[in-house]
Amino acid sequence: MLLFCPNDGNMLYAAEGEYAYQFQCRTCPYVYFVTEKISERKYPKLKEIDDVLGGSAAWENVDAIDEPCPKCRHERAYFMQIQTRSADEPMTTFYKCCNNTCNYQWKE
């Protein structure tokens, strides 16, 4: 919480007074006494993001290889490679577990 001095517009700083907490100006004698608990929580609104891999439709026509799932240890996984960085960098390989109850996704 920011409070400003009505006299000179400077930001008020928290301080502990004789009897209570207070906000005071550092350049003039203005003091704002705190008479009740001051608290407020604000949670940022998260943006909805698009699935960069194309959602579930992207996994319909992909191949499977012998790659163990790090979550359930199933021995096969679907894979696809996508160029996510510049052209001189290698492609990123995305995996999805073939076990329909797991469906864990990871990348290398």
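The values are calculated or read from the model by the stated rules, or taken from the named source; none is laboratory data. These figures come from a predicted structure and were not determined experimentally. Positions of Cβ are generated from backbone atoms using ideal geometry, with glycine treated the same way; all protein chains shown enter the neighbour counts.
Scanning segment 14-34 for residues that are in a loop (DSSP other than H, G, I, E, B) and modelled with pLDDT of 90 or more yields Cys25, Arg26, Thr27, Cys28, Pro29, Tyr30. Checked against the criterion of being under 31 Å from the mean Cα position of the chain (by Cα) and surrounded by fewer than 10 Cβ atoms within 10 Å (Cβ to Cβ), segment 14-30 contains not a single residue that satisfies it.
For residues that are surrounded by 11 or more Cβ atoms within 10 Å (Cβ to Cβ) and among the aliphatic types (A, V, I, L, M), scanning just segment 1-13, find the one that is modelled with the lowest pLDDT. Within segment 1-13, the match that is modelled with the lowest pLDDT is Leu3. At pLDDT 90 or above, aromatic (Phe, Trp, Tyr) and surrounded by 12 or more Cβ atoms within 10 Å (Cβ to Cβ) - does that describe any residue in segment 64-83? Checking segment 64-83: at least one residue is at pLDDT 90 or above, aromatic (Phe, Trp, Tyr) and surrounded by 12 or more Cβ atoms within 10 Å (Cβ to Cβ). Which one of these does Lys71 not meet: (1) part of a strand (DSSP E or B); (2) farther than 17 Å from Gly55 by Cβ; (3) under 24 Å from the mean Cα position of the chain (by Cα)? The one condition Lys71 does not meet is (1).
Residue-wise test of (1) surrounded by 11 or more Cβ atoms within 10 Å (Cβ to Cβ); (2) part of a loop (DSSP other than H, G, I, E, B); (3) of a type in the set (S, T, N, Q); (4) more than 25 Å from the chain's Cα centre (by Cα).
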position	(1), (2), (3), (4)
Glu36	no, yes, no, yes
Glu40	no, yes, no, no
Ala57	no, no, no, yes
Thr101	no, yes, yes, yes
Trp106	yes, no, no, no
